1. Please verify whether L124 is at pLDDT 95 or above and either over 23 Å from the mean Cα position of the chain (by Cα) or not in a strand (DSSP E or B) (or both), treating the condition exactly as stated.
2. Go through G119, G211 for me and flag whichever is over 28 Å from I98 (Cβ atoms) and either touching an Asp or Glu at 6+ places or on another chain (Cβ under 8 Å) or in contact (Cβ under 8 Å) with a residue 24 or more places away in the chain (or both).
3. Name the single residue, out of those in region 102-146 being farther than 30 Å from Y169 by Cβ and among the polar types (S, T, N, Q), that is surrounded by the most Cβ atoms within 10 Å (Cβ to Cβ).
4. Test K167 against the stated conditions and say whether it is at pLDDT 95 or above, surrounded by 15 or more Cβ atoms within 10 Å (Cβ to Cβ) and assigned to a strand (DSSP E or B).
5. Residue check, F61 against (1) closer than 30 Å to I187 by Cα; (2) surrounded by fewer than 19 Cβ atoms within 10 Å (Cβ to Cβ); (3) modelled with pLDDT under 95; (4) touching a Ser or Thr at 6+ places or on another chain (Cβ under 7 Å), all met but one. Which one?
6. Looking only at residues in region 56-76 that are in contact with a strand residue (DSSP E or B) (Cβ under 6 Å, 6 or more places away or on another chain) and free of Cβ contacts under 8 Å to residues at least 40 places away in the same chain, which one is farthest from M145 (Cα to Cα)?
7. When you scan region 162-179, do you find a residue that is within 23 Å of F231 (Cα to Cα), charged (D, E, K, R) and touching a Leu at 6+ places or on another chain (Cβ under 8 Å), even just one?
8. E74 - would you say it is part of a loop (DSSP other than H, G, I, E, B), of a type in the set (D, E, K, R) and modelled with pLDDT of 95 or more?
Amino acid sequence: MKQIIYIFILLSTLFQTRIFAQSVKDSTVRILMVGMHFSGQLPKYDLEKRFGANFSVGSSFIWKTKHNLLFSAEGSYFFGSNVKEDVVAGLRNESGSITDNEGYPADLRLTERGWNFYGSFGYLFSKLGNNPNSGVFATIGAGWMQHKIKLYDANQKIAAVDKDLKKGYDRLSGGFGLTQFIGYKYISNNRLANCYFGFEFYEGFTKSLRGFNYDTGLVDNQKRFDMLMGFRFGWVLPLYKRTKDYYYN
C-alpha cells in the first residue's frame, strides 16, 4: 500500500509540472481529477449485525465543469477484522476451538471484505473556497454494494472449508446501492497540493448471492438493508483542460 501512495504522489508531481492550464487562482476551469481515497467507516442496520468498524481504500475519476458541476465514477474496497456473525459455530468443539483434519487445533480466521462501485453527480460551492475551483461540495450517486465473510484457513487443513466449500459459509451478499458525500475540496493555487475530505454515506439494498448456507442448512433469501458511514480523506491529481489562455508552469 505504501508503494502505491508513493507512486501516486510522484505522478502527481510530474504531471503538475508538465501540463498547460488556465490559472486556477483567478478563474473557474474544467478539470479532470484522478483520485485516491482512504476512509474509516462504521456499519449500521443489518451490516452492523454482521461486522464491526472497518477501513476502506479506493480510487475515483471526477470531472468538474466550468459551472462547478461534478460528475464522478468511483470504486472502493473495504475490509475489517471484526466479524460478529460466527458462521463456523457448528464446527467448534466444547472449548470453542476448531479441529483440523489431523486432530489439532486449527487456525481459521474470519475477516470482512467488501466492494463498492458508484457513479455520482454533485456541485461545488466555490464561494466557500480559497479559489474558484475549491470549496464545499456535495454529491449523490447510485451503484453496487457487495460484501462477504472471508474464511482464511492458515494451514489449509480444514476439510469443511476447503476450496469452494467456503462459499457455503461466506455470506456473500450484494445489491443496488446509494451514496452521499459532503466535504471540502482544496485545489491549491500552485497546483502542488490537492486534496479533499468529508463525510461519506452508503446504503445497500442487498441479499445473499449464494442462496444457501451450509452452517444452518437453510435457504437464505432475506432482503437486507446495509449501511456504511464514515470519514474520508483523498488526494487528487488534476488534469486541466488545455485552452488558448494558458501558461507553462
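1. Values: at pLDDT 95 or above: yes; either over 23 Å from the mean Cα position of the chain (by Cα) or not in a strand (DSSP E or B) (or both): no.
The answer is no for L124.
2. Numbers: G211 fails: over 28 Å from I98 (Cβ atoms).
Result of the check over G119, G211: G119.
3. N133
4. Numbers: at pLDDT 95 or above: yes; surrounded by 15 or more Cβ atoms within 10 Å (Cβ to Cβ): yes; assigned to a strand (DSSP E or B): no.
When the stated conditions are applied, K167 does not pass them.
5. (3)
6. Checking each candidate, the answer is W63.
7. So far as region 162-179 goes, no, none of its residues is within 23 Å of F231 (Cα to Cα), charged (D, E, K, R) and touching a Leu at 6+ places or on another chain (Cβ under 8 Å).
8. On the way: part of a loop (DSSP other than H, G, I, E, B): no; of a type in the set (D, E, K, R): yes; modelled with pLDDT of 95 or more: yes.
No.
The values are calculated or read from the model by the stated rules, or taken from the named source; none is laboratory data. The structure presented is a predicted model; accordingly, all values stated were derived computationally and were not measured. Note that we place each Cβ from the backbone using ideal geometry, even for glycine, and neighbour counts take in every protein chain shown.
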